1. Tell me which residues, restricted to the range 79-124, are among the polar types (S, T, N, Q) and in a helix (DSSP H, G or I).
2. In the range 131-142, which residues are touching a helix residue (DSSP H, G or I) at 6+ places or on another chain (Cβ under 7 Å) and modelled with pLDDT under 95?
3. Being at pLDDT 95 or above, at positive phi and within 13 Å of the chain's Cα centre (by Cα) narrows it down to one residue among Leu109, Leu103; which is it?
4. Give the residues of the range 231-251 that are free of Cβ contacts under 8 Å to residues at least 40 places away in the same chain, part of a helix (DSSP H, G or I) and more than 17 Å from Gly87 (Cα to Cα), sorted by residue number.
5. With the structure loaded, tell me whether Asp128 is in contact with a Ser or Thr (Cβ under 9 Å, 6 or more places away or on another chain), modelled with pLDDT of 95 or more and surrounded by fewer than 22 Cβ atoms within 10 Å (Cβ to Cβ) or whether it fails that test.
6. Considering only residues that are part of a strand (DSSP E or B) and not basic (Lys, Arg), look in the range 175-190 and name the one that is surrounded by the fewest Cβ atoms within 10 Å (Cβ to Cβ).
7. Can you tell me which residues in the range 31-58 are of a type outside the set (Gly, Ala, Ser) and loosely packed, with under 15 Cβ neighbours inside 10 Å?
8. Restricting to the range 26-56, name every residue that is of a type in the set (Ser, Thr, Tyr) and touching an Asp or Glu at 6+ places or on another chain (Cβ under 8 Å).
Amino acid sequence: MESRLGQTASISIVIPAYNEEVRLPALLEKLDTEAEEAAAAAGMRLHEVLVVDDGSTDRTRQLLKAAEVENEWLHPVFPYDRNRGKGAAFAAGALRAAGDYVLLADVDLSTPLSELGKLTAAIEGGADVAIGSRAVAGAVVERGPAHRKVTGNTFNVAVRLLTGLRVRDTQNGFKLFPTKAVKRYAARLTCPGFAFDVELLMRADREGLRIAEVPILYMHDLRSRVSVASASPQMLREIVQLSYRLRVRKDDGVADSADIVRPA
């Protein structure tokens, strides 16, 4: 996969993290042994891995600082002294990214880095943005609770109705964006929580970027602390507000300064 300069495209992996001292050692081991190889297999060159600490109160920050010494690709980011939300953490990482592309990944790597090649293939096939999906034909979902799937499907139907997006799975944490584009979205991000995925995709869609939804392997982490049932109502409220701003008011994509998510 080539950059516009005819060279192998580089990639920055951005991973938000909050109070992840239990799962962090496994992530760091996989990054050390798999990240560079996964990027190369996808036709890319690994530039950096930005793990963004979202104001953790456990030992996450200390573990990241210690791991940075051992891993040349790892660059921890500490933008906040208090928890701001996954969207805010991703924005802080994306704004610091220096690769040609930014890959959003989850701290549990529920979608393995080895799936990256599916996203780069979509980019090479003409897409501008490629997102991993659990809801399209060919996707493999392992260990996912049945109630979580039902709640997720209902949520995504509501998202499509509210936003006009044709994407069937906005929330899977495995998305590949051109860095220049995602920096624009990160600088204007107004959803600091889990609804940020929808905002990124809406802004990309507004600009006319082609979004490819790619079936991927997803392995649910039973240690996940995210409750879909409790998080969905708040996310839907944020999406209603976002849809009003971008679809009804049809603003230029720049929120009021008080609404923009900024690193502290």
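1. The answer is Ser114, Thr120.
2. Ala135
3. Checking each option against the conditions leaves just Leu109.
4. Tyr244, Val248
5. Taking the combined requirement at face value, the residue does not satisfy it.
6. Pro178
7. Passing the criteria: Thr33, Glu37, Thr57, Asp58.
8. Within the range 26-56, Ser56 is the sole residue that qualifies.
The values are calculated or read from the model by the stated rules, or taken from the named source; none is laboratory data. Everything quoted here is computed from the prediction, not taken from an experiment. So basically every Cβ, Gly included, is an ideal-geometry build from the backbone, and we count neighbours across all protein chains shown.
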